[in-house]
Every structure is written in structure tokens, then in C-alpha cells.
Amino acid sequence: MTSISPSEAQPEGAFLSRSTWLPFALMAGFFLAIKAVMSFTMNPIGDEAYYWLWGQHLALSYFDHPPLHAWLLRLVDAIFGWNLISLRLLTWVTFLASLAVFWSWARRLAPDAPAAHFWRMLCIYLASPLFLGMSTIAFNDHLMIALVIGSAHFMLLFAERWEVGRKGYGFLYLSATLLGLAVLTKYNAVFLGLGYVAFFLFRPTLRPLFKNPHTYLAGLLSVAIQLPVFYWNLIEGLASYRFHFTERWSGPLQLSWQAPILFIFVALIVISPFAAFGVARYFARRPEGEFAARAKQLAACVFTLSSFAMLILASFAEVFFYWNIVASLLLLPLAVRAIGTRWVFWLHMLYGGGMALLLVFNQAVAPVGNLFGAYDWTIASTYGWDEIGREVEAVRKEHPDAFVATSFYTTAAQLGFVIGDADVVALSPRHDQFDFWFDPGAHRGRDAIIVADPYFPIDNAAGLFESITPLKEMQILSYGRVIYSPTIYLAKGFRPPTPR
């Protein structure tokens, strides 16, 4: 068994055993309060509303992502109705599922003080802006996070039993099922599966699994869960794969040495530089106990493969920080002793607390940049949709046969969400999921009520109609400043291009 000397273990071990769980529970309570405020007061972000509309148009898969999250959103709608609470209800379910795994890990990593370890683990996790945000916002990520954590947990239980001569194949197949569901939620969960391959390869006691048929049957189970995605892409001309591999890149791929550095810098900001420092210490230290050693090796495999792939991709194209979320997902809850020393822990808490307050103000009160003369359309365009929706509904009473549209996919989803209409569409040159729902030919000759803004103007949609008339210019205000300025138009005589 891997061991560590008392002198090496004493600083963190003593700090942990002397501490009660209550101070850390109170600190975690602060972040949970922020999460609750965001969940129940924050305006729907464009992609949140977009995925909600996916659930209203059930399909085997979707253009941007696999279908599992949309399917579950439709289930939530059927049970709890169409409202803001329903939109983010699943984020609490997946969050609680993650906490159940964290508690199990705390009992194994700190059997003498599991409660203190658990609450410190939760503080570290929630103080990371990346994980506070992605476990609260109803993107596909929150579901993928819970499934990845659950799959990794059962893989570790399987490995534990295998190494002591017990088979435990049930845990292997359960891990494979959750992995398959994670990939059915978001494609980048595939890095967990690649991490399992590396885990089996680099851990000598697990190498015999490459000769075991159950390993391949479990892998086939994960792949079989993707059949809805495979079939949808087959009948839709590989639409999702073409989008991710070619269409989403705005220009030709060019080698850049600066882009990977920027990617790392942004990753440090969203994870927390102090947590990143603690993770570096975690990698440098010898783990205490077999479970800690096994979990560290799995986390290292996943982190290395995912991060290396993203750095290579970032050398040629724009890569968003959340694409690499799987890399650090296992590390933060496992690195509690390395991040949890007094000065690293409290600096991480201060950083995370400040970022959490900034996040909730930015999303629920006013866009911070707009208040200081900058303009962030992505955040600004989440404001004012209740008011915009009321104006659109008033116009629709006068033109009941007109369909409703906007000039971009996120605004179409936000408007559709607030007026409870799943048939609002985006008339945009950008290829998106609305292209699979909207039948231009069936709407030929009809009028439309269109919402556009200066960032995504009416120009593209105007060319599809006989005439366009502005009806109302709106100004969404916060603290006396205009943060969003959409215009409502009445478009006459829809004339879509003739299909080639």
C-alpha cells in the first residue's frame, strides 16, 4: 500500500482533523446562496432557452449537441410546466448527484474527518467560477458533469475490486452506461473514455483488463448508447459532425503560438489561479492510501489527454475554455489536501467569492461592462425579454396570422421562451437548429413579426420579404444606461429562396 510519512502528512492532516465542519459548511452556504439567486432570478441565457426549445421539438439528436439534455428538459416541462424554475430545475438534481459522489470520496479520503473534508471539498468546487457557473446555468454541461463524476466513481469502485481479486463487473457496466450517457449529453465527455483507456494502460494491475471481454463489452455499451446520434446524423447528412469539424471555424486554420497561451490564461481565470496552484501541488505530492492513488492516476490521465488535445486544437483555431471542462472535473474534489492549506484555501475562497458576486450581478442585475462604457452583447442581450415579449404579443394581436422571428438564434430562443411559443424562428445566415424545424416553403407569402438589434440587424431577414416596416424601437435600461436596444418590425410577404 502506498504510504506517506507522518511528517509529510501532519500539516494538512492536523489542520483537517482539528477543524469542525461548521465553518466550511457556512462558507459553502454562501456559494449555495449565490447559486440559488442565479437559478431563480437570472434572465435565461440564450443557449439555455435554445436547449429548452430543443425539448419542445423532440428528435433523435440535434445540430449542436447530442439529445439527452433536451429529452430531460421536455420531461421537466411535462411534469412542472414552462417556467424559469423548470428551466434550471435539472441543475439542482445533477448538483445533488455530484454531492453524493463527493461525500463518498470524502469518507474514503479522510475517514477520520469526513464531514470537514466534504464541506471543504464543496467550498473548493463552488469557489471555482467554472464549476459554480456550469453547475447552475442550464447548459448541457451540468448534466455532463454529473454523469462524468458518476461514471468515474463507479470506475474507481470497479478498479478497487478488481485489484483485490473481486470481479465487480456490475460497477464496470454502470460506469460504461454513465459514460455513454455523458457523451449522449455532450461530445467532449469522450475524453473520459479515453482517460479510462490510459488508466488501464498505465496502472499495471489493470492491464490484464485489455484481455478481458467485459472491457470491450462495456465499451460497446457506451458506443451503443450513441445510436440515436449516429442515426440522426446519417439521415441529416452528418450535419452535427460537419458543424463541429468544419462549419464552426470562421476562417482557415492557422498555426499560432499565442492562442494556446491565451487558452491557458483564460483557464486559470475561470478555474481560479489559487486552485490551479493547489492542483500543481497535488500532482507533486504522494497520495495517501490506495483509493487516493487510484483516483489521482485516473484524474491525471483524463486531465492530460483532454488538455493536450485542447492545446493542440488551440494552436490552430479558437477554443473555448468550457470545452476542456472534463480535464479539471475530477481534480478539484480530489485535491482538497493540497488546495485546502490555510493560505491557498482562503485566497481561493476570496477569489471565488468575488467572482461569484460579480457573476450574479452581471447576469441578474446589470451587465458590468455596459455600466462602464463597454458593450457586451452576449450579456446585454439577456436583459429585457419580458418587456420585449409583451410588445411582440401586442403586435401579434393585431397580426394574428404573422409568424414570429428574430435575427439570431439566441434571441429567437429567448423570445420563444418568454412568450411560451416553441415556433419562434431565427432568420439568420448562421446554420442552427432552427433550420431543421422551420419549413420556409410552408410560410411563403406570410407576414412576420421580427425582432432585431444593431449587433444582428434586420438586413438578412429584410431580403426575404417584400417589405419591412419598423414598428417600435425599444431601449432596455439599467441604472439609467441603455444596455440593449432591439427593434420590432413588421415584415410583409415572405419569399424564401427557391431550394436548389
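The values are calculated or read from the model by the stated rules, or taken from the named source; none is laboratory data. Just so you know, these numbers come straight off a predicted model, no measurement behind them. Neighbour counts run over all protein chains shown; Cβ positions are idealised from the backbone, glycine included.
Key figures
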| read-out | value |
| --- | --- |
| Residue that is nearest to residue 493 (Cα to Cα) [pool: residues in the stretch 415-431 that are in contact with an Asp or Glu (Cβ under 9 Å, 6 or more places away or on another chain), of a type outside the set (A, V, I, L, M) and modelled with pLDDT of 95 or more] | 416 |
| Single residue of the stretch 73-88 satisfying the filter (over 15 Å from the mean Cα position of the chain (by Cα) and hydrophobic (A, V, I, L, M, F, W, C)) that is surrounded by the most Cβ atoms within 10 Å (Cβ to Cβ) | 76 |
| Matching entry among 305, 329 (being surrounded by 19 or more Cβ atoms within 10 Å (Cβ to Cβ), touching a residue at least 60 places away in the same chain (Cβ under 8 Å) and farther than 25 Å from residue 35 by Cβ) | 305 |
| Residue pairs meeting the criteria (Cβ under 8 Å; at least 6 apart or on separate chains; first of a type in the set (Val, Ile, Thr), in the stretch 28-43; second at pLDDT 95 or above and in a helix (DSSP H, G or I)) | 34/132; 34/356; 34/357 |
| Residue list for the stretch 67-109, filter: among the hydroxyl-bearing types (Ser, Thr, Tyr) and either farther than 30 Å from residue 286 by Cα or without any contact (Cβ under 8 Å) to a residue 24 or more places away in the chain (or both) | 86, 91, 94 |
| Total residues in the stretch 424-479, condition farther than 28 Å from residue 366 by Cα and part of a strand (DSSP E or B) | 6 |
| Any hit, the stretch 141-155, residues being part of a helix (DSSP H, G or I), of a type in the set (A, V, I, L, M, F, W, C) and touching a Phe, Trp or Tyr at 6+ places or on another chain (Cβ under 7 Å) | yes |
| Selection within the stretch 95-110 - touching a Phe, Trp or Tyr at 6+ places or on another chain (Cβ under 9 Å) and more than 14 Å from residue 148 (Cα to Cα) | 103, 105, 106, 107, 108, 109, 110 |
